[in-house]
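The values are calculated or read from the model by the stated rules, or taken from the named source; none is laboratory data. Since the model is a prediction, treat every value here as computed from it, not as a measurement. Cβ placement follows ideal geometry from the backbone for every residue including glycine, while neighbour counts extend to all protein chains displayed.
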Amino acid sequence: MSTDLRFMLREQTVMLGLILLISMIFGAQMMYGEDAYWPYMMVPEDIVVAWKSALAGDIHFKAFLPILSCAFLHGGFDHLFFNMLFLWLFGALAVELVGSKWMLITFVVTAICGSLFHVVMNTDSSIPTLGASGAVMGFEGLYLGMAVRWHLPDPDIWPMTTPIPPAQLAFLGIMGLTMDYMGFLGGNLGVAYSAHLGGFVAGIVLGSVAVPMPRLAHRR
């Protein structure tokens, strides 16, 4: 085993473990069929009903579980592959800069915020939502927030084989946000663009005000 591969496995154990978990859940989806995972997909109108019941004093915490659990589900192999690819790229950056703990916090917080924003923007929708795209966009927002806050070092972490200027990575995040915003305005019902936007904004907030200053970063 090469030195680079050993270093990657040691530094990214939690990140790769998260990707493996999501991939195994997808395998279970394919094995047991839609009926098994339907309760864990998020349906906006169901969350609205659960919220109204909670306000009336009838609280069922299980009804809110899909807000997070939907991020661990995917609708097909291509959906899983591209989400996991970009989750690895930007998740690895988060691990390199602020560690595995903040990587996990970012995943959970941005996944939840993406789901909640999707519910707010689609309160009457009965279309189920699934996928880690909100969290993926959350990592892009996290990096952009940190890049605006501090001078970041050129990332040099597997799977990136050469150092990439932070400005280029931040620009990639901005392009992703722009494409999602245009899709959101276009009303494409096949993609939960509002979840992407919600996750991205939550990531920016985390990167701008919450995460600690990376060891190799410099103040602006």
- [ ] Name the single residue, out of those in segment 129-148 being under 8 Å from the mean Cα position of the chain (by Cα) and not small (Gly, Ala, Ser), that is nearest to Pro212 (Cα to Cα).
- [x] Phe139
Task: Evaluation of Leu87 against (1) out of contact with any helix residue (DSSP H, G or I) (no Cβ under 7 Å at 6 or more places or on another chain); (2) assigned to a helix (DSSP H, G or I); (3) not acidic (Asp, Glu) (one fails), failing number - done: (1)
Task: Test set (1) surrounded by fewer than 17 Cβ atoms within 10 Å (Cβ to Cβ); (2) at pLDDT 95 or above - Ala54 fails condition number - done: (2)
Task: Asn83, sole failed condition from (1) over 23 Å from Glu140 (Cα atoms); (2) in contact (Cβ under 8 Å) with a residue 40 or more places away in the chain - done: (1)
TODO: Considering every residue within segment 133-140, establish whether at least one is surrounded by 21 or more Cβ atoms within 10 Å (Cβ to Cβ) and of a type in the set (Asp, Glu).
DONE: yes
- [ ] Return the only residue of Ile67, Ile25, Ile47 being assigned to a helix (DSSP H, G or I) and surrounded by fewer than 20 Cβ atoms within 10 Å (Cβ to Cβ).
- [x] Ile25
- [ ] Confirm whether Leu20 is part of a helix (DSSP H, G or I), at pLDDT 90 or above and either under 21 Å from the mean Cα position of the chain (by Cα) or of a type in the set (Val, Ile, Thr) (or both).
- [x] yes
- [ ] Please identify the pairs in which a residue from segment 90-111 that is under 25 Å from Ala192 (Cα atoms) and of a type in the set (Asp, Glu) has its Cβ atom under 9 Å from the Cβ atom of a residue that is assigned to a helix (DSSP H, G or I) and modelled with pLDDT of 95 or more, counting only partners at least 6 apart or on another chain.
- [x] none
